[in-house]
Every structure is written in C-alpha cells, then in structure tokens.
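S.K.: Below: one structure in structure tokens.
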Amino acid sequence: MGALADLLATRREDILQRFEREVRTQFPVDGQPRSVIRDTLPQLLDELYELLNAPANGESPSMIRGQMRRTAREHRAQRHALGYDVTQIVREYSVVRDCILGLLEETGGVLAITEQRALNRGLDLAMGDAVADSERGREEERREAEEERMALLERERAARAEAERQRAVLEGVISQSGDAIIVADARGVLRLFNPEAERQHGMPLKEVGPKEWVETYGLSNEEGHPLPLERVPLYRALQGEQVRDELLWLHRPDGTRLPVSVTARPLRGPDGTPAGAVFSARDIALRRALSQEREEALALLDTLLSTAPVGLSFLDRDLRYVRINPTLAALNGVSVEQTLGRTLWEVIPDIAPHVAPIYRRILETGEPELNTELIVPVSRRGGGTRHYLVSYAPVKDREGRPLLVAVAVVDITDLKRFEERLRQTAEFRERFLGIVSHDLRNPLSIITLSATMLLRQEALPERALRLAQRISLNAEQMARMIGDLLDLTRGRLGGGIPISPAPCDLGPLGRRVVSELEVAHPARELRLEARGDLRGEWDQDRLAQLLGNLLRNAVDYSPEGTPITLALDGGGERVRLEVRNLGEPIPAEVLPGLFEPFRRGQTRGSGSTSGLGLGLYIVQQIATAHGGGVEVRSTREEGTVFTVQLPRVVPRRE
C-alpha cells in the first residue's frame, strides 16, 4: 500500500476537517451544518482509496470511475441547490486535492508517481463531469430560452389574431347595431358613423367639428328649435359628462323629423387623458307609435269594461286582479277600487278554492275553458243559489306564453229559474197526459166491448151494423192513440219505454205484422224480404209495435200504387230492419227533427193519418230500449229508408 492510500485509510477524518474549514472560509455556506458541507466527500475519499488499490485488489478501474461519476453528480446537484456555479464546484475539488496533499506533506509521506496520477485522474474526472454538466446546462438554458422566445412570439401572434378577431366582432356589432353609434375624437371631429346612424340622420358621415353639428345634422328639441351646442349630448360628453336617455329630434334632409333616445359618454386613453366621446341613439318613433296604440287600446278596453252587460276581469299569474268592470265587481260584492291588486282569495274567498285550479290550468296549458256553469250559494237573507256561466281564456304575449287570464261572467240565475219553471210545466203536462190517457182506458174498453157485442148480434139491422163497425174502428184508433200517449209519458218521465226481452224470431213476427197491415190496407202492395239468422232476445210486442209504426208511416207518406218493403237482415252480429217506400223525399230541413214527438208531415198516401205524430218517436224509444238505434235516409232515387239496428241480446242496464 502506498503512502497516499495509507493516508486516505488512516487520516480520513483529518482530511474531512480540513475540507470543512476551507469550504466555510472560501464558499457561500454560512450557517450550513457539517453534513451539508461534507456532503459526498466521505464517499469520494472511499472511491479514491479503491481507485489507488485497484491493481492490487484486481478491481476494474472503469467500474470505480463510473461510481465516482455518480457521486460527483449527486455532489453537483447538492451544490447547485446551495447556489454554486461550475467554477466554484471545480475550485472545491481543488480544495480536496490540496487538503489531501497538504496532510501527506505534513506527515512526511512520499507521493509515488502512480498514486499521484491516480489521484489526479479521479479528481479530474469529477471536475470534467462538472464542466460538461455545466455546458449541458447552459445548452439546455439556451434551448429553453429559445423555446420561451418562440412561445412568446406565438402568444404575441395569437394575441394579435385575437385582437383582430375582437376588432372584427366589434366592427360587426357596431355596423349591425340597431342603435346609431357615433364617435368623435378629442377635438370633437366626427370619426365613426355606423349604418343605423346614417339611416336615422338620412346622410353619411361628415367629418365636421362641434360648431357644425347642429346645422349639419339638424339637431333640435321637441318643439323643433335648434339645440344649443352646450345642450348637445355628444358635446357634453366631450366635457366629461355622462348623458343617459335624453330625448333629441333629428331634422332629416327629406323634411321628416325623427325622435331618438340618446346616451353619450366620454372616452379616455390608457393614461386617463380625454380621447373623445361616443354617442348612441335609439329610434323611438315606433315605440311612441306603439305606446299611443297601447293607450288607445287600453282606452277601448276600459270603455268595453265599463259598458259591457257581462262581468269581465283580467288576472295575472299570481291570480291578482289587473282589471275588472263594474258589472263583475257588483256580482262579487266588492268595488272596483277595492278589487284591483288583490287576489282571488281576498275578493271572493268562498269561490276561490273552486275556480283557482281552472286559472292555473289555463296559465299552464294556454287553452281556454268556455261556458262553465258555476253555482254559488247565497249567504244573505233568503239564501238560495246564484247560477253563472263563466268562460276563461288566456291572454298571451308575442311568443305565445300566457300572461293573464281573461274571465267573462254571465248571471244566468233568472234563465235557470225560467228553465226550471218550463221543465216543471212540461212535466206536469206530460204527467197529466199520462193520467188522462190511463183513465181513458176504462171507458174506452167498455165502448170497444159494447161495439164487439153488437157486431156479434145476428139480427142487427144493416144500418146499426155499419154504426157498430165504425164505433169499433174508431175505438181501436183511440186505443192506439192512448197507448202512444202513455208511451210518450214513460219515455219522458219514466226513464224510457219498458221492455221484457225473451227469445224471439223476427221472421214470423215480420210476416204477422205485414199480414195485419194488408188486411187494413188491401189496396197497397206490401213486400217482406228476410235472410240470415233472425233470432235473438227482444220484447216481441214492442218490436211488433215498432214495425207496425214504420209500416203505417210508409203507407201514410207514400203514393198509392207504389210498393212498401220490409227487409230483415240477420247476417251479422246485429240484426238490421229496413222499411223502404218510394215517393217524394223528405225535405232536408225536416230530417233532423223527424223523431221528435208530435211531428206530422203532409200525407201523400192512401188516406189521412190516424196518429198524434208520436209513431217515429216511439220507434226511436223502442230501439233505444233494446240497445240499438234508428236512422233515416231519403233521396229521390232511392226513396225513403228507415233502418233499425238491434243487438241480438239487450244490454243490461247499469
């Protein structure tokens, strides 16, 4: 082992102390602890020792130098953190060399050439890496600086492009603005005039100063007098004043005057110095016209409200009264003055819970609700109820959104009372007819029985026989009329004509009815057409009455010599009965009321009619009682056809 290697092995702490002392003296490490000062020096001394002994120990010097480079990188990083530059790091390695060699000289050791060469190579390696790393650092700094410069240029280009874009947007906004925009420079010379300004003034930009503004652009007050310069909004803005929503009139070259609402304010540069003024003007001619139109509309509305014979009101979305006329105020019992601004619950607390949902539904859907009957109990002396017919409709804005609810109220109490009196009168009349018809059956039965007994007398004279036959025929006709009246009473008052369904076949029933009618009218041709399954559950007597009424009606209202056809069709789920006759069609205006009671037409058949005009009404009632219906069509080509549709089983009534 050489003297240098022995020194590194035995005097390691002395070297470290010398190094620490020199570093604190020569370098900016005030206040740093020992561990920071020494840093990787102990490891470096170990690596130098290994490098000196590498030939003897058989170790690879390249591996040791690689480790020394890693140690040197750690040391450089730590020293950079302390603020060292590359020169100070290199000087520090020189201090290490001086500390080692100085201690060797003091101990009298002799430095071998090979050890000196190994020591210098190790320290030079560390210093060379420091210099190289510094160059790389400077190159990196130059590269980063270049990247930063390029980034700055790119940001500058982007900022310039954004400024251009914003300028284009601003120019677009100014040119497309619905307000006139005028800009004057610091001297008051006009520099900008957008298209709306040209339209309002009726002329393009003229770069004139304040003294020429009033005359050039015809600025005046509402009375038409030229505006003094000190009252011109743009001039006042140049003096530092802010002007907002002032009325100004423009006398245009075509002789017209235009009212505008003006705003003006001063412009200042980045340093706060005056740079001019900006002026904007809004054309309020349309607004004034609309305001006048609105006032006229409100005047018309107030006139309508005050003179209308029905109650009218308007409520907002909070269900507060916006307008109400005296008629409705009187119905509510609250004056117009006390109603306006108050809610439904404050004005009509008893009714509000019932009508408020209707108001809200209209405000949500925008759909009206018309002719709703409202019944209100009367709490005053005498009690009773009042009846009102109320219509609700939305009042919408231009976008179709409901803003208000308009309400029209008609007091129909007197009408309802009149209708009730009419109903009671009609009911009394029909009950009276029913009672009289029922009571007439007994004497009529005696007349019929007496006429029958007389007809059976063999020795009855010829004259008496004819009288008995006439009595029997008229008694039968009276019985049928009484039956019709009783059916009318049942239909009107008893919930419909009563029926007793049972299994029935319409085929034999139709033949029987046709045969009976042929006996009574031997001169008329009656035809029967039957097909399909004609069985079902019906009231056989009532269907016979239905068919008889239809066939007699056809006989009474069709010309002699024309056939009458009864067609029965059972080919489907429902059975269809049709009675057809020829002749003049029924007038179109008569058809809608044909099945109403007491309707009789002009006879065109074989003789006078023998009824009260209840036959078709009873036909309809019988069809309805069976769950079916009856229709009629009448044309010159086809004739008149009554069609009855019947289900095979009568539906059960709820």
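The values are calculated or read from the model by the stated rules, or taken from the named source; none is laboratory data. Here the structure is a predicted model, which means the values were calculated and not measured. Methodologically, a virtual Cβ is constructed for each residue, glycine included, from the backbone with ideal geometry; neighbour enumeration extends over all protein chains shown. What goes into the accessible areas is simple: the full protein's heavy atoms, side chains included, and nothing from ligands, DNA or RNA. Shrake-Rupley method; radii C 1.70, N 1.55, O 1.52, S 1.80 Å.
S.K.: With the structure loaded, tell me whether ILE351 is in contact with a Phe, Trp or Tyr (Cβ under 7 Å, 6 or more places away or on another chain) and of a type in the set (A, V, I, L, M, F, W, C) or whether it fails that test.
M.R.: Values: in contact with a Phe, Trp or Tyr (Cβ under 7 Å, 6 or more places away or on another chain): no; of a type in the set (A, V, I, L, M, F, W, C): yes.
For ILE351, the condition - in contact with a Phe, Trp or Tyr (Cβ under 7 Å, 6 or more places away or on another chain) and of a type in the set (A, V, I, L, M, F, W, C) - is not met.
S.K.: Just the residues that are under 15 Å from ALA184 (Cβ atoms) and hydrophobic (A, V, I, L, M, F, W, C), please, taken from the range 212-256.
M.R.: Selection gives TRP213, VAL214, LEU219, LEU229, VAL232, LEU234, ALA237, LEU238, VAL243.
S.K.: Working only within the range 389-405, note down all residues that are buried (at least 17 other Cβ atoms within 10 Å of the Cβ) and either at pLDDT below 90 or touching a Phe, Trp or Tyr at 6+ places or on another chain (Cβ under 6 Å) (or both).
M.R.: Answer for the range 389-405, where residues must be buried (at least 17 other Cβ atoms within 10 Å of the Cβ) and either at pLDDT below 90 or touching a Phe, Trp or Tyr at 6+ places or on another chain (Cβ under 6 Å) (or both): LEU404, VAL405.
S.K.: Also, I was wondering about something else. Counting only residues that are at pLDDT 70 or above and in a helix (DSSP H, G or I), which one in the range 281-290 is surrounded by the fewest Cβ atoms within 10 Å (Cβ to Cβ)?
M.R.: In the first step, residues of the range 281-290 are kept if they are at pLDDT 70 or above; the result is 281-289.
Still in the running and in a helix (DSSP H, G or I): 285-289.
Working: ALA285: 13, LEU286: 8, ARG287: 12, ARG288: 11, ALA289: 10.
Among those that are at pLDDT 70 or above and in a helix (DSSP H, G or I), it is LEU286.
S.K.: Name the residues in the range 237-272 that are in contact with a Gly (Cβ under 7 Å, 6 or more places away or on another chain) and charged (D, E, K, R), would you?
M.R.: ARG252, ASP254
S.K.: State whether one or more residues within the range 262-269 are open to solvent by 40 Å² or more (accessible area, probe 1.4 Å) and small (Gly, Ala, Ser).
M.R.: No, because not a single residue in the range 262-269 is open to solvent by 40 Å² or more (accessible area, probe 1.4 Å) and small (Gly, Ala, Ser).
S.K.: Another question, if that's okay. Here is a list: VAL110, VAL173. Which entry is at negative phi, in contact with a helix residue (DSSP H, G or I) (Cβ under 6 Å, 6 or more places away or on another chain) and open to solvent by 60 Å² or more (accessible area, probe 1.4 Å)?
M.R.: The match here is VAL110.
S.K.: Only one residue in GLN32, GLN67, GLN88 is in contact with a Phe, Trp or Tyr (Cβ under 8 Å, 6 or more places away or on another chain), of a type in the set (S, T, N, Q) and surrounded by fewer than 19 Cβ atoms within 10 Å (Cβ to Cβ). Which one? Write out each step before concluding.
M.R.: Working: GLN32 fails: in contact with a Phe, Trp or Tyr (Cβ under 8 Å, 6 or more places away or on another chain); GLN67 fails: in contact with a Phe, Trp or Tyr (Cβ under 8 Å, 6 or more places away or on another chain).
Answer to the selection: GLN88.
S.K.: Right, another one. From the set of residues in the range 77-93 that are charged (D, E, K, R) and in a helix (DSSP H, G or I), which is modelled with the lowest pLDDT?
M.R.: Of everything passing the filter in the range 77-93, ARG79 is modelled with the lowest pLDDT.
S.K.: Being closer than 18 Å to ALA264 by Cα, surrounded by 13 or more Cβ atoms within 10 Å (Cβ to Cβ) and more than 48 Å from the chain's Cα centre (by Cα), is that true of even one residue in the range 194-205?
M.R.: no
S.K.: Do we have any residue at all in the range 155-169 that's open to solvent by 60 Å² or more (accessible area, probe 1.4 Å) and of a type in the set (S, T, N, Q)?
M.R.: Yes, that holds for at least one residue.
S.K.: Follow-up question, since we're still on this one. Which residues, taken from the range 540-569, are more than 13 Å from LEU616 (Cβ to Cβ) and small (Gly, Ala, Ser)?
M.R.: ALA544, SER558, GLY561, ALA567
S.K.: Related question: Considering the range 96-120 alone, what residues qualify as being assigned to a helix (DSSP H, G or I) and touching a residue at least 40 places away in the same chain (Cβ under 8 Å)? Break it down into steps so the answer makes sense when it comes.
M.R.: First, the residues of the range 96-120 that are assigned to a helix (DSSP H, G or I): 96-106, 113-120.
VAL96, ASP98, CYS99, ILE100, GLY102, LEU103, LEU104, THR114, GLU115, GLN116, ALA118, LEU119, listed by residue number.
S.K.: Determine the pairs where a residue that is modelled with pLDDT under 90, located within the range 321-345, has a partner that is assigned to a strand (DSSP E or B) and surrounded by fewer than 17 Cβ atoms within 10 Å (Cβ to Cβ) with Cβ atoms under 9 Å apart, the partner being 6 or more residues away or on another chain.
M.R.: Within 9 Å, the pairs are LEU331/ARG386.
S.K.: Right, another one. Of all residues in the range 499-519, which are at pLDDT below 90 and open to solvent by less than 70 Å² (accessible area, probe 1.4 Å)?
M.R.: If the condition is that a residue be at pLDDT below 90 and open to solvent by less than 70 Å² (accessible area, probe 1.4 Å), then ILE499, LEU517 are the ones that fit.
S.K.: Name the pairs: first residue in the range 523-552 and closer than 14 Å to PRO508 by Cα, second residue of a type in the set (Lys, Arg), Cβ to Cβ under 8 Å, at least 6 apart or on different chains?
M.R.: Going by the 8 Å Cβ cut-off, the qualifying pairs are LEU528/ARG511; ARG535/ARG648; GLY536/ARG648; ALA544/ARG512.
Residue by residue, here is whether (1) out of contact with any helix residue (DSSP H, G or I) (no Cβ under 9 Å at 6 or more places or on another chain); (2) open to solvent by 70 Å² or more (accessible area, probe 1.4 Å); (3) basic (Lys, Arg) holds:
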{"position": "PRO253", "(1), (2), (3)": "no, yes, no"}
{"position": "ALA277", "(1), (2), (3)": "no, no, no"}
{"position": "LEU300", "(1), (2), (3)": "yes, yes, no"}
{"position": "LEU312", "(1), (2), (3)": "no, no, no"}
{"position": "ASP318", "(1), (2), (3)": "yes, yes, no"}
{"position": "TYR321", "(1), (2), (3)": "no, no, no"}
{"position": "LEU328", "(1), (2), (3)": "no, no, no"}
{"position": "ASN332", "(1), (2), (3)": "no, no, no"}
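S.K.: Among GLU246, GLU230, GLU241, which is the only one that is in contact with a strand residue (DSSP E or B) (Cβ under 6 Å, 6 or more places away or on another chain), open to solvent by 40 Å² or more (accessible area, probe 1.4 Å) and acidic (Asp, Glu)?
M.R.: Working: GLU230 fails: in contact with a strand residue (DSSP E or B) (Cβ under 6 Å, 6 or more places away or on another chain); GLU241 fails: in contact with a strand residue (DSSP E or B) (Cβ under 6 Å, 6 or more places away or on another chain).
Going through GLU246, GLU230, GLU241 in turn, just one is in contact with a strand residue (DSSP E or B) (Cβ under 6 Å, 6 or more places away or on another chain), open to solvent by 40 Å² or more (accessible area, probe 1.4 Å) and acidic (Asp, Glu): GLU246.
S.K.: Among the candidates GLU74, GLU13, GLU50, which residue alone is part of a helix (DSSP H, G or I), closer than 13 Å to ALA126 by Cα and either open to solvent by less than 40 Å² (accessible area, probe 1.4 Å) or of a type outside the set (A, V, I, L, M) (or both)? Explain how you work it out, then say what you get.
M.R.: Numbers: GLU13 fails: closer than 13 Å to ALA126 by Cα; GLU50 fails: closer than 13 Å to ALA126 by Cα.
Criteria check complete, one pass: GLU74.
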